[in-house]
Amino acid sequence: MSPRESFLQRSSLEVRFLLELLRTYVRKAEKPSIPHEFNWPAFIQLCYATHFAGWCYDQLKSYDSELIPSEVLHSLKSYQLRVLTSNERLLHQYQELLDIAQREKLTLYPLKGITLMNDCYERVYHRHLSDIDVLIDPKELSAWEAHLSRADFRLKRRVAKSTFHENAGLKYDPLQAFKHDAVIDFHSSLNSGMAQVRISLSDIKKKQQNEHTLASMDQLIFVCLHAYKHVYVGQLNPLHLMDIHLLSQKVDEQQLLAQSSAYHCSKEVQSMLELTRFFTGQKHSSIPLWQLSVLDHVFNHTEFTKSQKRQFYYRKHFRIPVSVKQLPSYLWFQVFPSAAYLKQSDGKGNYLLNWLRRMARLRCMFIGTSDN
């Protein structure tokens, strides 16, 4: 039995089906059959937590409609539309950054999802974005701060951006900007916080054909380093492995390894290439047990975040039954939804006014229902 077959055997039925969907997509093979006694609520939770829900909807809708409950497709489609809306908003925000860079002659290279969702994925909503990552010249940091402030961005100089980064001791992002619920992380190096990796920004600039588009090879090296960092500390976004797979189709592997060797990160890049092949079922190679344990945790022990729970339980279709422990938070959100939710629905920023408008709408709906 191969290492991947052993991993699949230990995984739940829902995890195996999702991974087989990914494998057949990568290898352009026939889709797997839907297992009997399939737990659709557990599968939806897995799709949400791994950010593959938008992609899975397009894969599942090609199956016979009698095999899949309509509520499943409705739930995945709902997620897909939310991703589309969020991604379009972030694209609009990135365009503002690009306008500043072009006008002021500043360095700006997009990293990860903000550029990959158009360049590598079939649909914009297949790549879930949570924020915008960009690479800038550290010498231009003060200029960026000045121009962003004039453009009404909120700025935050910090040593770490989240609890994850603080716990992992990662202090590589010099600046973070906020505007209209968009978060922009400004990186000053491609090394993704790894001190032993030496990447010269001047060398990167020499290879770029476009002053605001990073070469596929450098994009891939950054994503590999970023994924390695997360796996090393026990966390992983599976979309990063799909990013690596899609980007690797655009570059020659020998050239990639030569370039990563020049950057002193060949071990990390090679490791993530092997993990990606294992994940997508392209190669039955052995991977370190510590990496395998991270994959096992991501897929077999995943849970909803608080935000995902709010989004999921609020939907009228295909709700997972709310347990007694979950009931207080569920009811609280019905009465006092998040500011982001109210702002998205009303287009304005004042929480109290948005809340009053929502209460008025709900009251009208209730009165209308009572009259009927």
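Residues that are of a type in the set (Asp, Glu) and at pLDDT 95 or above, at least 3 per element: which helices (runs of 4 or more DSSP H) completely within region 241-305 meet that? Give the derivation first.
Numbers: elements: 253-262, 266-280, 289-300.
By residue number, no helices (runs of 4 or more DSSP H) qualify.
Determine which member of the set Lys161, Lys112 is under 23 Å from His51 (Cα atoms) and at pLDDT below 85. Give the steps one after another, and end with the answer.
Values: Lys112 fails: at pLDDT below 85.
The match here is Lys161.
From the list Lys171, Lys179, Lys156, which one is closer than 15 Å to Asn87 by Cα, surrounded by fewer than 17 Cβ atoms within 10 Å (Cβ to Cβ), modelled with pLDDT under 90 and assigned by TED's automatic domain parsing to the domain that holds Glu88? Steps first, answer last, please.
Values: Lys171 fails: closer than 15 Å to Asn87 by Cα; Lys156 fails: closer than 15 Å to Asn87 by Cα.
Answer to the check: Lys179.
The rows are residues; the columns are (1) in contact with a Leu (Cβ under 6 Å, 6 or more places away or on another chain); (2) at pLDDT below 90.
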residue	(1), (2)
Pro69	no, yes
Leu90	yes, no
Gln95	no, no
Leu98	no, no
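Being free of Cβ contacts under 8 Å to residues at least 12 places away in the same chain and over 22 Å from Leu241 (Cα atoms), is that true of even one residue in region 51-63? Quick ask: steps written out before the conclusion?
So the first thing to find is which residues in region 51-63 are free of Cβ contacts under 8 Å to residues at least 12 places away in the same chain, and the list is none.
No, region 51-63 contains no residue that is free of Cβ contacts under 8 Å to residues at least 12 places away in the same chain and over 22 Å from Leu241 (Cα atoms).
Is it the case that region 88-109 has a residue that's among the hydrophobic types (A, V, I, L, M, F, W, C) and in contact with an Asp or Glu (Cβ under 7 Å, 6 or more places away or on another chain)?
Of all residues in region 88-109, those among the hydrophobic types (A, V, I, L, M, F, W, C) come to 90-91, 97-98, 100-101, 106, 108.
Narrowing the set further to residues that are in contact with an Asp or Glu (Cβ under 7 Å, 6 or more places away or on another chain) leaves 106.
Yes - at least one qualifying residue is present in region 88-109.
Residue by residue through region 197-246, note down the ones that are among the hydroxyl-bearing types (Ser, Thr, Tyr) and either under 24 Å from Asp99 (Cβ atoms) or crowded, with 21+ Cβ neighbours inside 10 Å (or both).
Looking only at region 197-246, we keep the residues that are among the hydroxyl-bearing types (Ser, Thr, Tyr), and these are 200, 202, 213, 216, 228, 232.
Result: Thr213, Tyr228.
Out of everything in region 20-43 that is among the charged types (D, E, K, R) and not in a loop (DSSP other than H, G, I, E, B), what residue ends up being modelled with the lowest pLDDT?
Arg27
Need the failing condition index for Leu129 against (1) surrounded by fewer than 22 Cβ atoms within 10 Å (Cβ to Cβ); (2) touching a Gly at 6+ places or on another chain (Cβ under 6 Å); (3) not β-branched (Val, Ile, Thr), just the number.
Here Leu129 meets the rest and fails (1).
The values are calculated or read from the model by the stated rules, or taken from the named source; none is laboratory data. Predicted model, so just to flag it, every value in this text is computed and none were measured. Reconstructed Cβ throughout: ideal geometry from the backbone, glycine too, with neighbour counts over all protein chains shown.
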